[in-house]
1. (1) more than 20 Å from residue 112 (Cβ to Cβ); (2) modelled with pLDDT of 95 or more: which one isn't true of residue 62, the others all being true?
2. Looking at region 71-113, which of the residues that are touching a residue at least 24 places away in the same chain (Cβ under 8 Å), hydroxyl-bearing (Ser, Thr, Tyr) and assigned to a helix (DSSP H, G or I) is nearest to residue 18 (Cα to Cα)?
3. Cβ-Cβ distance below 7 Å, separation of 6 or more or different chains: which pairs start in region 32-51 with a residue that is in contact (Cβ under 8 Å) with a residue 12 or more places away in the chain and end on one that is surrounded by fewer than 16 Cβ atoms within 10 Å (Cβ to Cβ)?
4. Looking at region 37-44, is at least one residue in a helix (DSSP H, G or I), within 20 Å of residue 13 (Cα to Cα) and of a type in the set (Gly, Ala, Ser)?
5. Mind counting the residues in region 73-92 that are among the hydroxyl-bearing types (Ser, Thr, Tyr) and either within 18 Å of residue 33 (Cα to Cα) or surrounded by 16 or more Cβ atoms within 10 Å (Cβ to Cβ) (or both)?
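The values are calculated or read from the model by the stated rules, or taken from the named source; none is laboratory data. Just so it is clear, the model here is predicted, and its values are computed rather than measured. Using ideal geometry, Cβ is built from the backbone for each residue, glycine included, and neighbour counts are taken over all protein chains shown.
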Amino acid sequence: MTPTQENLLVSANKARSWALICYALYGLGMALFFSLFVAIALNYWLKPQAKDSVVESHISWQIRTFWFTSGLMIIGVATAYINVGYLFIFAGALTLCLRTIWGAIQLYRYRPV
């Protein structure tokens, strides 16, 4: 193995560890809302480091999860006064949970999402 290949492997393993931490922060986001913002900041910081690896698909998955969930929550809060919004809020929370669990399992198995 050449030194360049070793550096890429070390970088990919570090990115994988950070991506797993981000999944944990997304899971924690159900209780501590602030952790979602820490996780999304880490995702954008990790994106260049995870280039051309399995972790790259997970970083994109996490970013899409954040924005999709945020959109559902915003729609839910905006329409809560007509009692439809609670369904959007529930859908956003469920989406966050399911995508976090599925992504973490796939990353743990070294599979792309």
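1. (1)
2. Taking the candidates together, the pick is 108.
3. Within 7 Å, the pairs are 49/11.
4. First, the residues of region 37-44 that are in a helix (DSSP H, G or I): 37-44.
If we keep only those that are within 20 Å of residue 13 (Cα to Cα) too, we end up with 39-44.
Subsequent filtering for residues that are of a type in the set (Gly, Ala, Ser) retains 39, 41.
The answer is yes, given that some residue of region 37-44 is in a helix (DSSP H, G or I), within 20 Å of residue 13 (Cα to Cα) and of a type in the set (Gly, Ala, Ser).
5. Restricting attention to region 73-92, the residues satisfying the condition of being among the hydroxyl-bearing types (Ser, Thr, Tyr) are 79, 81, 86.
Subsequent filtering for residues that are either within 18 Å of residue 33 (Cα to Cα) or surrounded by 16 or more Cβ atoms within 10 Å (Cβ to Cβ) (or both) retains 86.
Residues in region 73-92 being among the hydroxyl-bearing types (Ser, Thr, Tyr) and either within 18 Å of residue 33 (Cα to Cα) or surrounded by 16 or more Cβ atoms within 10 Å (Cβ to Cβ) (or both): 1 in total.
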